[in-house]
Amino acid sequence: MPLEPSVRVVRELTSRGYNADREAVTLLAGADDPGAAVERAVAAAAADAATLTVSDVRAVLDAHTASSAAQTSAPASTPPDEATTHTDPSATDTPPSHDGGRAATADARSVEIDGDMTGASTGTGEYQDFVSVFRDRYDRLAAQLRGRVNHRPTSALASMPGGSDAAIVGMVNDIRSTTSGHWRVELEDTNGVFPVLVLKDRDVSDLVDDLLLDEVIAVSGTLADDGTILFADDIYFPEVPRTYSPSTADRSVQAALISDVHVGSQEFAADAWRSFADWLHTPAAESVEYLLIAGDMVEGVGVYPGQDEELDIVDIYDQYETFAEHLKDVPGDMEIVMIPGNHDAVRLAEPQPAFDEELRSIMRAHDARITSNPSTVTIDGVSVLLYHGVSLDEVIAEHSSDDVTYDDPQNAMELLLKKRHVAPPFGGRTRLAPEAEDHLAIDTVPDVFHTGHVHKLGVGIHHNVRLVNSGCWQHQTAFQESVNISPDVATAPILDLDTLDITVHKFS
């Protein structure tokens, strides 16, 4: 016999470690989709909440009703993984300017930057600094998981009787396969380390390939008879709620999302850049009021072996001077926001502070806003998480799936969203700067996640968050050919901020 809705709600809440007022249970059970209502209520609950009140639940249900009404009245948008692509022929003459429409809407624009750690670096490289950043990571991400499972600290698990149902929230300390083909995963919390065994014939084993060292996850299952290991039934990631509803602009306005310009390289696509800049002056682009650049303005110096043989401009400051000249081709009434990348003249360890004052003074065209990598930029009410994307190399290298590749960078980006962290592994390809807090954790779900670095175009969607890796403006170098990278050159994804539709323009 099917369970009554109220009973199902109570069981679901209890499994996630929550109690609820009787009236709150009645409200959840009476929702059109009680399961989804519980999901929203848990996601909205305070980190330290143990009981959901009727006011908590009513606020969540009212917000969902208002959001659904707004979406019903809004025009449907094209899923970004089916983004429209336009190819623009190279322009030989600069067309007349049509910037009047863009200038007329300048007063309606809004740009807010969150997460800029420039000038706020606290790390000295001492051991305690690394302890601080990982403890902060654990605290932030564990808070997002505690509502999902009725977890116990590692010290408490060791004292529980064998065969008990149990759960743990911990940082992945080690992943290895056993001689029998199972997986042994060590999880660490602030009390100690506890082993988890993922059996190869269980559905949950499919998630092992998604695991990365130093990410924070939750595992529920059953303790072995001797209580020394936890057999995994489920693995939970911090994740983006399935019910996430992104914000949109209240007017028709667009943003161009680009990255990896690489001025100074012999392979910089100068003609394509001019075509892009010329197009921005045409009536077809007068709604493009924002330009977001996700790192690697210049080619840099000494970034990889033999790079000096592929440079057109050998002085780093001359590279930025030339980039600034190219930036002047862009309409002067556009809002420009940029972050650094691994080829730029900032520290390699992440988070990367923004350019110093000398480089800022060189790139003064349009009074561009320059912030750290990563940062969240909110334009016309739409939040865009800008991250250059060095960790994508590690995610792709560590993942055996045919879906997570350089040809489909949006799939690697999706994994980072699931982990709510832009660069989980430490000690590999991605350098981590020890700070008092972890600036790489994704505390607030963005509406758009924009990366670069891998020089491949990728557009997708995950739980209503738009994913964009924007390609590059550099033709294949000898080094890229040696490592089998075939870049997507001169691509400019255009984001409609009022619908979140994405159209890819190609200027090669």
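The values are calculated or read from the model by the stated rules, or taken from the named source; none is laboratory data. Everything quoted here is computed from the prediction, not taken from an experiment. No Cβ is skipped: glycine too gets one built from the backbone with ideal geometry, and neighbour counts run over all protein chains shown. Note: areas computed on protein heavy atoms with side chains; ligands, DNA, RNA excluded. Shrake-Rupley method; radii C 1.70, N 1.55, O 1.52, S 1.80 Å.
Odds and ends about this structure:
- Restricting the stretch 83-122 to residues that are open to solvent by less than 50 Å² (accessible area, probe 1.4 Å) and among the acidic types (Asp, Glu), the residue that is modelled with the lowest pLDDT: Asp99
- Condition met for Leu311 (open to solvent by 10 Å² or more (accessible area, probe 1.4 Å), out of contact with any Pro (no Cβ under 8 Å at 6 or more places or on another chain) and on the phi < 0 side of the Ramachandran plot): yes
- When the strands (runs of 3 or more DSSP E) confined to the stretch 213-307 are screened for residues that are of a type in the set (A, V, I, L, M), under 23 Å from Arg347 (Cα atoms) and at pLDDT 95 or above, those reaching at least 1 such residues are found at 254-258, 288-294.
- Checking each residue in the stretch 195-206 for being at pLDDT below 95 and either surrounded by 14 or more Cβ atoms within 10 Å (Cβ to Cβ) or part of a loop (DSSP other than H, G, I, E, B) (or both) picks out Lys200, Asp201, Arg202, Val204, Ser205.
- Top-ranked residue of the stretch 179-192 - restricted to ones that are β-branched (Val, Ile, Thr) and modelled with pLDDT under 95, ranked as surrounded by the most Cβ atoms within 10 Å (Cβ to Cβ): Thr190
- Considering residues of the stretch 344-378 that are in a strand (DSSP E or B) and open to solvent by 10 Å² or more (accessible area, probe 1.4 Å) only, the residue nearest to Gly300 (Cα to Cα): Ile370
- The listed residues are Gly341, Gly381, Gly389, and the only one of them that is modelled with pLDDT of 95 or more, open to solvent by 10 Å² or more (accessible area, probe 1.4 Å), under 19 Å from the mean Cα position of the chain (by Cα) and closer than 21 Å to Ala256 by Cβ turns out to be Gly381.
- Some residue of the stretch 196-208 being among the charged types (D, E, K, R) and closer than 30 Å to Leu497 by Cβ: no
- Leu416 vs. criteria free of Cβ contacts under 8 Å to residues at least 60 places away in the same chain, open to solvent by less than 10 Å² (accessible area, probe 1.4 Å) and either under 12 Å from the mean Cα position of the chain (by Cα) or closer than 20 Å to Val448 by Cα (or both): yes
- The stretch 392-431: number of residues that are in contact with a Ser or Thr (Cβ under 6 Å, 6 or more places away or on another chain) and of a type in the set (Ser, Thr, Tyr): 1
- Residue pairs whose Cβ atoms lie under 6 Å apart, separated by 6 or more positions or on different chains, with the first residue in the stretch 451-476 and farther than 10 Å from Ala490 by Cα and among the charged types (D, E, K, R) and the second open to solvent by less than 10 Å² (accessible area, probe 1.4 Å) and not in a loop (DSSP other than H, G, I, E, B), are Lys456/Pro409; Arg466/Pro80; Arg466/Val448.
Listed here are the residues, each with its yes/no results for (1) open to solvent by 10 Å² or more (accessible area, probe 1.4 Å); (2) out of contact with any Lys or Arg (no Cβ under 6 Å at 6 or more places or on another chain); (3) under 30 Å from Phe130 (Cβ atoms).
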site: Ala441; (1), (2), (3): yes, no, yes
site: Val459; (1), (2), (3): yes, yes, no
site: Glu481; (1), (2), (3): yes, yes, no
site: Ala492; (1), (2), (3): no, yes, no
